[in-house]
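One structure below.
The values are calculated or read from the model by the stated rules, or taken from the named source; none is laboratory data. Fair warning: this is a prediction, and the values are worked out from it, not measured in the lab. Ideal geometry is used to build each Cβ from the backbone, glycine not excepted, and the neighbour counts take in all protein chains shown.
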Amino acid sequence: MSGWLAGKTVRLVGESDAICRALTTQGAHLVDVDDCDVLILVVPSPVKQLAHEIDHDGWRAVLDAGLDRCFLAARDFASSRRTIGRGGVIIFVAAPEQALGADHAAAIGGLGNLTKTLGVEWARDGIRVNSVQTFNTGDVLGSLVAYLASDYAAYVTGANVGIGLEDG
């Protein structure tokens, strides 16, 4: 099979038909194990709440899903790639930070800064880290994620990319 991602193994954590479709169209082999070339984490969108209605447990749950789990998964992936002496790619996908309330804004704002920091810190190990913030769930999202996972984006790291909704 040919394509941008031919020969690459990709673990997609979370749900996105468009990303899954784009990855397989470009030749990626989707796996459900930690030993892979590319890790893509799709952050679930929380229910929007006004700041004064968010309790501590709700606040922590959104930060856990949108920031903590992403960091821990990325750290473990990077550690395993370093152990075998190979680079890799990490891509975080989430709704825009200002869109779903203060708890989501804190989590995704933190994720954006984490992306920049890890992108710089892990570049020396050949590990690229990028994020996409959008409500777009269509082919544009899938194509962008496939591009960021590919060798065509070999010099793109620490980027937070936002994309608008598709026309239609």
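Yes or no, residue by residue, for (1) over 25 Å from residue 8 (Cα atoms); (2) crowded, with 16+ Cβ neighbours inside 10 Å; (3) modelled with pLDDT under 95; (4) among the small types (Gly, Ala, Ser):
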| site | (1), (2), (3), (4) |
| --- | --- |
| 62 | yes, yes, yes, no |
| 65 | yes, yes, yes, yes |
| 108 | yes, yes, yes, no |
| 119 | no, yes, no, yes |
| 123 | no, no, no, yes |
| 129 | no, yes, no, no |
| 140 | no, yes, yes, no |
| 144 | no, yes, no, no |
| 149 | no, yes, no, yes |
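Please find, within the range 141-165, the residue that is farthest from residue 42 (Cα to Cα) out of those that are without any contact (Cβ under 8 Å) to a residue 40 or more places away in the chain and of a type outside the set (Gly, Ala, Ser).
Going through the qualifying residues, I end up with 155.
Do you know which residues across the range 13-44 are in a loop (DSSP other than H, G, I, E, B) and more than 20 Å from residue 66 (Cα to Cα)? Steps first, please.
We begin by selecting, within the range 13-44, every residue in a loop (DSSP other than H, G, I, E, B); these are 14-16, 26-28, 31-37, 43-44.
Once the filter is applied, which keeps residues that are in a loop (DSSP other than H, G, I, E, B) and more than 20 Å from residue 66 (Cα to Cα), the range 13-44 yields 26, 27, 28, 31, 32, 33, 35, 36, 37.
For a quick check of your reading of the model, give me the residue pairs whose first member lies in the range 119-135 and is outside any strand (DSSP E or B), whose second is polar (S, T, N, Q) and modelled with pLDDT of 95 or more, with beta-carbon atoms closer than 6 Å and at least 6 apart or on different chains.
Sorted first by the residue in the range 119-135, then by its partner, the pairs are 119/157; 123/157.
Conditions (1) of a type in the set (A, V, I, L, M, F, W, C); (2) under 22 Å from residue 17 (Cα atoms); (3) touching a residue at least 12 places away in the same chain (Cβ under 8 Å), marked per residue:
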residue	(1), (2), (3)
45	no, yes, yes
60	no, no, no
63	yes, no, yes
77	yes, no, yes
85	no, no, no
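Taking the stated definitions as given, is residue 51 over 24 Å from residue 126 (Cβ atoms) and surrounded by fewer than 15 Cβ atoms within 10 Å (Cβ to Cβ)? Full working, then the answer.
Details: over 24 Å from residue 126 (Cβ atoms): yes; surrounded by fewer than 15 Cβ atoms within 10 Å (Cβ to Cβ): yes.
Taking the combined requirement at face value, the residue satisfies it.
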